[in-house]
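Bear in mind that the values in this text are calculations on the coordinates, not laboratory data. Owing to the predicted nature of the structure, the values given are computational and were not obtained by experimental measurement. With ideal geometry, Cβ positions are generated from the backbone for all residues, glycine too; neighbour counts draw on all protein chains shown.
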Amino acid sequence: MEPFQLKNEMLHHSIDYTPYEGRTFSQWPRYTILRGKVVYDRENGGVVGEKGYGEFVHRDKSSLAGSRFQEDCATRLEAF
């Protein structure tokens, strides 16, 4: 595969940007497998999965304590 510059329109997502836009890559995924079925096949047209096969997985609020950066800032402010 020849090296190429990534453009956002090459990606299959509903966001209008990617932090990787403009970077040069020399590889691209050949397959994506979802629940045992090939849904992306680079050599056979790209997206080959059935529409609607994906599934939204609801996620609750994170159980993590929060950002260490915020804690560090609060600690530094207390020092003043």
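Data table
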| item | result |
| --- | --- |
| Yes/no for D60 being touching a helix residue (DSSP H, G or I) at 6+ places or on another chain (Cβ under 8 Å) and either of a type in the set (A, V, I, L, M) or part of a loop (DSSP other than H, G, I, E, B) (or both) | no |
| Single residue of the range 24-60 satisfying the filter (surrounded by 10 or more Cβ atoms within 10 Å (Cβ to Cβ) and among the hydrophobic types (A, V, I, L, M, F, W, C)) that is nearest to Q5 (Cα to Cα) | F25 |
| Single residue of T32, T18 found to be in a loop (DSSP other than H, G, I, E, B) and of a type outside the set (A, V, I, L, M) | T18 |
